Amino acid sequence: MAKKAQQEQQDQGRKAIFRIPATAILAIVVLVVCVTPVAFGGIPGLQALYLVPLGLLWFVQRMRTVATADGLAVRTMFGHRDIPWTALKGLAITSKARVRAVLGDGSEIALPAVRTRHLPVLSLVSGGLLKDPTGLTDEDTAPSQSDTAPEAAADAETISTESAGENAPHKE
């Protein structure tokens, strides 16, 4: 009984945060160092160039997607939106491996910093409400070898026979 309560509490506490890696701040610091000679080079008003690294720092710190057992919290540069799992119709994957949330009305919301490699994590955090297309989180996908060994061997033989029959020279 105590083990079950502990498992439920652990499931409720699952949380995944997807954000831009903190090493991006290092690139912003390098940009500040490179902008400094130009900003103080003698032309008045070029100190405004420091707004570019500040904007980038704001972007890196702000953009994130937080997945909890309740749903997704999407934070952009100037906004925030909470999406419960029940409001999701599914996920859409763009050509650049970015993931977008598709709502029940068909509208799509970009999920910052979430890529296709993160889909198993989203499946685990959602508690199975969101299916994992990779199959990495499926517990029942590995049947025991003793049950399927003869069937698997027969299937492998059939596949190899079919492929060999198409490409191999015929012997008469």
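The values are calculated or read from the model by the stated rules, or taken from the named source; none is laboratory data. Owing to the predicted nature of the structure, the values given are computational and were not obtained by experimental measurement. Cβ atoms come from the backbone with ideal geometry, glycine included; neighbour counts cover every protein chain shown. To get the accessible areas, we keep the full protein, side chains included, count just its heavy atoms, and leave off ligands, DNA and RNA. Shrake-Rupley method; radii C 1.70, N 1.55, O 1.52, S 1.80 Å.
General remarks:
- Summed over the residues of the stretch 53-117 and divided among them, the accessible surface reaches 57 Å² per residue at a probe radius of 1.4 Å.
- Apportionment of accessible area to carbon and sulfur, the stretch 66-130, percent (1.4 Å): 54
- Subtracting the Cα-Cα distance of Val29 and Ala48 from 0.36 nm times their residue separation leaves 5.2 nm of extension gain.
- For the stretch 79-90, the Karplus equation 6.51 cos²θ - 1.76 cosθ + 1.60, evaluated at θ = phi - 60°, returns couplings of x, 8, 9, 9, 10, x, 4, 5, 7, 7, 8, x Hz by residue, with Gly and Pro reported as x.
- The Cβ shell under 14 Å around Ala22 holds other residues with a net charge of +3, Lys and Arg each +1, Asp and Glu each -1.
- From the Kirkwood radius over Cα pairs of the stretch 68-127, Stokes-Einstein at 4 °C and 1.567 mPa s returns a whole-number translational diffusion coefficient of 110 µm²/s.
- Environment charge at Arg98 (Cβ cut-off 12 Å; Lys +1, Arg +1, Asp -1, Glu -1): +3
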